[in-house]
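A short write-up of the structure that comes next.
The values are calculated or read from the model by the stated rules, or taken from the named source; none is laboratory data. Because the structure is a prediction, the values reported are computed rather than measured. Cβ: placed from backbone, ideal geometry, glycine included. Neighbour counts: every protein chain shown.
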Amino acid sequence: MVNRGDQAAVLATAEEPASDTELRAALEEANLPTLLMVLAHLTGDDKWLEDPYRPTRPRGVGDHDSGGFPEELQRSIRDDALETIGALREGRLAPVEHPSPGKLAHMLEISLGMSLPEGYGGMLAEELGLVSRDVEVADPPPSDDFPVLVIGSGFSGLLAAMKLKQAGIAYTLVEKNARVGGTWFENTYPGCGVDTPTHLYSLSFAQRADWSRYFAKRDELHAYLQRIADEAAVEDHIRFETEVTSAAWNADDQRWHVEVRTADGGSETLTASVIISGVGFLNRPAFPKITGLDSFEGPTMHTAEWRGDVELEGKRVAVIGTGASAMQLVPNVAGVAKRLMVFQRSPQWGMPHPNYMRPVSAATRLLMEEVPFYLGWYRVRQVWNFGDRLHQNVQWDPDWPHSDRSISELNDRHREFLTEYIRGELGDRADELMPKCLPTYPPYGKRPLLDNGWFRTMTRDDVDLVTDDIAEIRADRIVTATGDEYPADVIVLATGFQALRVLAPMEIRGRSGRTLREIWGEDDARAYLGISIPDFPNFFCLLGPNTFAGHGGSGVLSIELELRYVMELLAKMIDRGVASVECRQDVHDDYNARLDDALSHTIWAHPGMTTYYRNSKGRIVVPMPWTNVEYWHMTRDPDLDDYVVETR
C-alpha cells in the first residue's frame, strides 16, 4: 500500500527504482493535468500553475490525458518532469513545504479547468494524505472498562477495527461470514465489480499503485480488503461465522447486551460499552414476490448468492431485474447461455465511461508507484470529477418547464446525450428496441449505472428483452401477463437488496425498551448525520440512512468521515469520563427536517419513477442531498451538546 503522506520519500527508498529510460517511457503515458500538479507540489514553483501550463477544460468524463496542450509543450512538460524526478532522486531537489489547503484547492481548480466550491481544501489535504484523519486517545481505558463491538468486516467494519486498534481502544469484531470483505466477499456473480473509479474507491491512507483496472472487478477488490486486514493485523479480534441477532441497552450497567448466533448454531451473550454497526445497506438480498417462484424445478439463485456450481453454458437462462448487478452480469452471460431472457420492469440509463473496460497500463502503475504524489493527485481529480462535480445534476430547477422528462436544462442536455448514445449502441435495431431501452424518467433519478455493453447485448439474436409483467412462474418456464411463455433452465434474480430495512434483521432495543423497527417501521430509518439515533446510547451507524452520495463519489469517503466523527466522540467520552452519549431528540429532528427539505428539491423526489431510494410513503431514505464536502464539514468535530451525556 502507498501512504501518500510518505510519498516524497518514495524514490529515495525504492528498492529497485525504475531506470531513467523506463521512467521516460512511462512519462509518455502520464496524465499531464496530474503531472503538472506533481511538479508544482514537489518544487513549490507556481510557474506550473500559470500559462502556458494551464490545462483546457475537459470535455466528457475521461481523464483528459493531454491536457489540451500542443505536442511540443507536452514534450517539454514530460522532459521537465524527468529532470525534476531525477533531481529528487539525487538529492539535488530539497523537499518543500506542502501546499496549504487553500493552495491545494486552487491547484485542483487549475488541473481541472473549473472552479470548486468554497471550503474544499481541507478535505483535499486529507485525501492527499497531508493531514491525517486519525483520532488520538491520550489515555486509552483498560479493555474491560470500555469494550467496543463492531458488526461487519467490509470497508466500514475493517476501518473501524483499524482505527480502534490504532487508538488503543479494546474491540471485538463479529462477522457472519467466514472471511472478511462484506459485499466483496459475498458477491461473486460473473462480471461483478465496482462502478466507482478504483483509485477513488479505496481508503485514503491505504492507496494501491498496482490496480490492474480503472474499475476493478470483485476478486481484486476482495484481495484489497483481505490485504488491509492482514497488514493491520486485525483478524485476531474478529469472530467469524458469528451473527448478531439482537442487542439491548441496559441502563444499570450502561452496557449493550448482544445476542449472537455462533458458528456451531448456538447462541452467546456479549457485552459492550459501544456498538459500531458496519453492516451497510446492500447486504440482505431482496426477493421478488412472484406467483410460483418456489415451484420452478431448475436452479434459482440471487446475484448476491451466486452458485458457482450451476452450469450456464448451453442453458436457457432467465434474468429477472435490470439494475446494477444485472448491468454487469447480463453481458457476461450472453454468448455463454444458449438463450438469455431479461425480464425488465423499467429501463435504465447506462452511461459510457472511457475507462470502464480499460486496464491500467504498466507505465501508469510505474508512475503511481514511483513518482511522489502522482497517485494522490490523480485520485483527487477523481474526488471532484466523479463526485461533487455531479451534484448540480441532481438539483431540481423549480422554473424548468419540462419536468415530465428532466429537472433542469443541464439534466435535459444529459438526457439528450444519453438518448443518442443508446440509439447509437442499438445500431440497426434502434427503431425496434428504443421503446424498450429508453427510460422515461430523468437521468440520475435512479442510481447511475455505467454501461457494461448492456445495450449492445440487447441487440444479440440469442437475447430477449421482455418488458411485459411476469404473471407466474411454472416448473420450467416464465409466463407473462400477456400469456407469452418463456421456457427456462435457470432463473437468476437480479433484484437488489433490502436497502430500506436498515440494520434488519437485527433487533436493536434502546433505553426505552422500544426496538429500532418499532421506531422506524419497516422502511423509514432516520438518524442524526446518518450516524446516531435518540434512545440508543453509544450506538453508531456507518453508512446509515441518508449517507449515500447519490450524486456521485465513493462510499469509502463517507465511511471515513463517519468513522472519524465516531472516533472523536469516543475520544471525548474517554477523556471526560463519560459512560454514554445519546443523540438529543430535538437535534435529531431538526437535522432530519433540514434533510427532508433539501431532498425535496432533488431529482429523487421526481414522481415519474420508482426507486429503492424512496420508502412506501415516498420519503427518500438512502441518499443525502448535500455535497461530499458539505458532509465533511458537518462531521468534522462532534459537539457533546448535541447529546444527552451520562457519566459513570
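Step by step: first the residues of the range 579-612, then only those that are part of a loop (DSSP other than H, G, I, E, B) and at pLDDT 95 or above, then the one that is farthest from Trp249 (Cα to Cα). Which residue is that? Selected residue: His601.
Screening Arg218 on (1) out of contact with any Cys (no Cβ under 8 Å at 6 or more places or on another chain); (2) crowded, with 21+ Cβ neighbours inside 10 Å shows it passes everything except condition (1). Every condition in (1) modelled with pLDDT of 95 or more; (2) more than 15 Å from Asp523 (Cα to Cα); (3) out of contact with any Gly (no Cβ under 6 Å at 6 or more places or on another chain) holds for Arg619 except the one numbered (2). Please verify whether the range 366-379 includes one or more residues that are among the small types (Gly, Ala, Ser) and either at pLDDT below 95 or farther than 30 Å from Gly122 by Cβ (or both). The answer is no, given that none of the residues of the range 366-379 is among the small types (Gly, Ala, Ser) and either at pLDDT below 95 or farther than 30 Å from Gly122 by Cβ (or both). Being hydrophobic (A, V, I, L, M, F, W, C) and within 11 Å of the chain's Cα centre (by Cα) is the filter here, so list the residues in the range 546-588 that pass it. Listed by number, the residues that qualify are Phe548, Ala549, Val556, Leu557, Ile559.
Residue selection: Glu560 satisfies the criterion of being charged (D, E, K, R) and within 24 Å of Pro197 (Cβ to Cβ).
Of all residues in the range 359-378, exactly one satisfies the criterion of being in contact with a Lys or Arg (Cβ under 7 Å, 6 or more places away or on another chain), surrounded by fewer than 22 Cβ atoms within 10 Å (Cβ to Cβ) and not β-branched (Val, Ile, Thr), namely Pro359. When the range 161-186 is filtered for residues that are in a loop (DSSP other than H, G, I, E, B), in contact (Cβ under 8 Å) with a residue 60 or more places away in the chain, farther than 15 Å from Tyr224 by Cα and in contact with a helix residue (DSSP H, G or I) (Cβ under 9 Å, 6 or more places away or on another chain), the ones remaining, listed by number, are Ile169, Glu175, Asn177, Ala178. Scanning the range 104-118 for residues that are part of a loop (DSSP other than H, G, I, E, B) and either under 23 Å from Asp63 (Cβ atoms) or not assigned by TED's automatic domain parsing to the domain that holds Glu50 (or both) gives Gly113, Met114, Ser115, Leu116, Pro117. Can we say Glu16 is over 22 Å from Arg92 (Cα atoms) and of a type in the set (D, E, K, R)? Spelling it out, it is not the case that Glu16 is over 22 Å from Arg92 (Cα atoms) and of a type in the set (D, E, K, R).
Could you list, in sequence order, the residues of the range 119-160 that are assigned to a loop (DSSP other than H, G, I, E, B) and crowded, with 24+ Cβ neighbours inside 10 Å?
Within the range 119-160, Tyr120, Leu128, Gly152, Ser153, Gly154 meet the criteria.
Counting only strands (runs of 3 or more DSSP E) that sit wholly inside the range 461-560, those with at least 1 residues that are of a type in the set (Ser, Thr, Tyr) are 477-480, 485-487.
Within the range 406-446, the set of residues being under 23 Å from Trp604 (Cα atoms) and charged (D, E, K, R) comprises Glu409, Asp412, Arg413, Arg415, Glu416, Lys436, Lys446.
Against the criterion of being surrounded by 16 or more Cβ atoms within 10 Å (Cβ to Cβ), over 35 Å from the mean Cα position of the chain (by Cα) and touching a residue at least 24 places away in the same chain (Cβ under 8 Å), Tyr486 qualifies.
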